[in-house]
Structures are given as structure tokens and as C-alpha cells.
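Colleague: Structure provided below as C-alpha cells; questions to follow.
The values are calculated or read from the model by the stated rules, or taken from the named source; none is laboratory data. Predicted, not measured: the structure shown is a model, and the values here were computed from it. Quick reminder, even Gly has a Cβ in these numbers, built from the backbone with ideal geometry, and neighbours come from all protein chains shown. Side chains included, ligands, DNA and RNA excluded: accessible areas come from the protein's heavy atoms. Shrake-Rupley method; radii C 1.70, N 1.55, O 1.52, S 1.80 Å.
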Amino acid sequence: MASRRPSAKARLAEYLGGRGAGLVTLDEFEALLARLAPVSPSYLRALLRQSGAPLCPLVEGVRQESLHELGRTLEALEAVYRQARQAGDAERQRLCRRLVIEAKDHARWALRRGKLTPEQAAWRREAIQWMLVWLENPEAFPVWAALRRRRLEGAAEAEPERPARR
């Protein structure tokens with residue numbers, strides 16, 4: 001009987017165990033996609049997040065576990081976007097935008113599914129608003145996010161966490 005090939009998760013754990021402690025870069029992420037094929041970028045990104053390995057913003061993507069994580073990752077992507085704009089790297093700018101658009105589309109999909117509590121739906125709408133602001137003007141996003149956090153805290157909603165899934 002033929003032995004089963006180890007799962008992508010097991011192969012990734014083996015790979016991560018044999019590498020240094022540095023940041024997982026975009027080039028390394030792309031090499032991992034080829035090495036662990038067939039695996040989707042979103043699944044690999046999820047596995048890397050679960051692993052606890054430090055990830056560059058273009059690998060980590062947009063986190064939606066809380067407004068803190070959402071803001072942190074959007075601000076990190078804004079910094080990459082700004083550096084890419086200053087360097088004339090349109091491809092890297094497009095990649096930043098694509099990551100935010102994919103996250104926004106996923107949040108909208110989850111909202112449309114209709115299987116959310118009112119609190120979860122409100123959180124999704126807030127997260128979508130944060131991503132839309134980023135997409136409208138990434139460089140203004142950090143200032144907007146700071147003002148928005150202050151407003152939420154002032155409304156006694158001190159950074160609403162994403163409600164747990166049912």
C-alpha cells in the first residue's frame with residue numbers, strides 16, 4: 001500500500017522548523033506556494049498565520065480578528081504601498097490593493113451570507129468601512145483610523161472585538 005504524502009500543514013511545519021527565525025518574505029511565500037502545491041495562497045497564508053512565524057505585510061495580508069489587528073495590518077500595508085509609490089513600483093502597489101480588496105470582498109460575502117448575529121454583522125460593516133477608507137486613500141488611512149478608534153472608544157465601545165462565530 002502506498003504511503004500518503006504529508007499534508008501541506010505538516011510539510012510547512014517541517015520547512016519552518018528548518019529555517020531561521022527571520023521574516024517570511026513575499027519571495028519565500030511564492031516559493032512555498034510552488035513547494036507545497038497544490039495549495040491556495042489564502043490557505044498557505046492561514047497556515048503561516050497559525051504557525052506564529054513572523055510575516056512581512058504582503059504575506060500576512062489583512063487580519064480581521066479584531067479592529068486592532070485590522071488596523072495594524074492595514075497600516076502595515078499602507079507603509080508598503082507608500083514605499084512602493086515612492087519607488088515607482090506599480091506592481092507592489094497593485095498587490096497591496098489586491099490584498100485589501102480580497103479581504104473586503106470576503107467580509108462582504110460573510111455579511112451577505114446572513115448567518116451572523118447582529119453584533120457580528122455590525123462588526124463586519126465596520127471592518128468593511130475601514131477597508132473602503134484604505135482603498136479610497138491608503139496614505140490618509142492611519143490618521144482616519146486613529147480618529148475612528150478615538151470615536152469608538154469615546155462611545156464606550158473600546159475597540160469592539162470581532163464576535164465569535166457560531
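Colleague: Criterion first (open to solvent by 40 Å² or more (accessible area, probe 1.4 Å) and either at positive phi or of a type in the set (S, T, N, Q) (or both)) does residue 86 satisfy it?
Modeller: So residue 86 passes the test.
Colleague: Of the residues 39, 62, 80, only one is in a loop (DSSP other than H, G, I, E, B), open to solvent by less than 30 Å² (accessible area, probe 1.4 Å), out of contact with any Phe, Trp or Tyr (no Cβ under 6 Å at 6 or more places or on another chain) and modelled with pLDDT of 95 or more; which?
Modeller: Just one listed residue meets the conditions, 62.
Colleague: Examine region 110-121 for a residue that is open to solvent by 20 Å² or more (accessible area, probe 1.4 Å), under 25 Å from residue 46 (Cβ atoms) and at pLDDT 95 or above, and state whether such a residue exists.
Modeller: no
Colleague: Out of region 1-36, which residues are among the hydrophobic types (A, V, I, L, M, F, W, C), closer than 18 Å to residue 77 by Cα and loosely packed, with under 15 Cβ neighbours inside 10 Å?
Modeller: Scanning region 1-36 gives a single hit, 23.
Colleague: Residues of region 145-154 being closer than 21 Å to residue 97 by Cα and surrounded by fewer than 16 Cβ atoms within 10 Å (Cβ to Cβ), which ones?
Modeller: 146
Colleague: In addition: Please enumerate the residues belonging to region 42-52 that are more than 10 Å from the chain's Cα centre (by Cα) and either under 15 Å from residue 7 (Cβ atoms) or surrounded by 17 or more Cβ atoms within 10 Å (Cβ to Cβ) (or both).
Modeller: Correct list: 43, 44, 47, 48, 50, 51.
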